[in-house]
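Inspection log for the structure reproduced underneath, given as C-alpha cells.
A short reminder: the numbers here are calculations on the coordinates, not readings from a lab. Predicted model, so just to flag it, every value in this text is computed and none were measured. All Cβ positions, even for glycine, are placed from backbone atoms using ideal geometry, and neighbour counts span all protein chains on display.
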Amino acid sequence: MVCGGFACSKNCLCALNLLYTLVSLLLIGIAAWGIGFGLISSLRVVGVVIAVGIFLFLIALVGLIGAVKHHQGQLLEVGWNSTASARNDIQRNLNCCGFRNFNPNDTCLASCFKSGHPCSPCAPIIGEYAGEVLRFVGGIGLFFSFTEILGVWLTYRYRNQKDPRANPSAFL
C-alpha cells in the first residue's frame, strides 16, 4: 500500500495533531515548572507562553477531532442546505443542479436547467474543485515547509560561524 491514500493521510494527520498536542502540553508544563521553581521571574513571559500553549492545544484538538471524524461530505451538504445564496451561485457558476440529486420542482439558476438539458449534480463537481484547491494549497504548504527547513539549516550554519570582524582570540 502506498502512503498518500486516505488511510495513510488520516493517520499522518492524527499523528501530527497528537504531536502538536504534546508540544502544547510541554509548553504549558515548562512554563508552569519555570515559575514554580522560581527560574522565571517575569509573569508576562510565562503568561504569553501558557497562552500560546493553550491556543496550540485547542487548534491541535480541533484538528485531531476533524481528522478522526472526517465528515467533509456531510459538512458540504449542511452548508448547501443552509445558504440559498451560495447554493444559487454554485449552481450558476458550475452549471449543475442539486447537491446529490435534483427535484425538478426546485429552482435552479444553471444554464443547463434553463435550456432544458439534463444537469449533473453539484457534489462531484465540488469534489473535483476541492481536490484541485487542496493540491494547490498543499503545494504552497510544502514550499513553505522546505523554506523553513532551509531557514533552520542556515541558522545552524550561521550560529557556528565566527565573525571575521571579531577579536581573533575570542571564543566563537
Residue separation times 0.36 nm, minus the C-alpha to C-alpha distance between residue 41 and residue 14: what's the value? 6.1 nm
Cα-projected label distance for residue 156 with residue 25, points at 7 Å along beta-carbon direction, nm: 2.8 nm
Please turn the phi angles of the range 11-20 into ³J(HN,Hα) values with the Karplus equation 6.51 cos²θ - 1.76 cosθ + 1.60 (θ = phi - 60°), one per residue in order, whole Hz, x for glycine and proline. 5, 5, 5, 5, 5, 5, 5, 5, 4, 5
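What FRET efficiency, computed as 1/(1 + (r/R0)^6) with R0 = 45 Å and r the Cβ-Cβ distance, is obtained for residue 32 and residue 101, rounded to the nearest 0.05? Write down the numbers at each step before the final one.
Numbers: r = 55 Å, r/R0 = 1.22.
Calculated value: 0.25.
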Please turn the phi angles of the range 139-154 into ³J(HN,Hα) values with the Karplus equation 6.51 cos²θ - 1.76 cosθ + 1.60 (θ = phi - 60°), one per residue in order, whole Hz, x for glycine and proline. x, 5, x, 5, 4, 5, 5, 5, 5, 5, 4, 4, x, 5, 4, 5
Hey, what's the Cα Rg ratio for the range 68-137 versus the globular rule of thumb, 2.2 N^0.38 Å? 1.15
Let's test the formula: R0 of 35 Å, r as the Cβ-Cβ distance of residue 88 and residue 147. What FRET efficiency results, to the nearest 0.05? 0.30
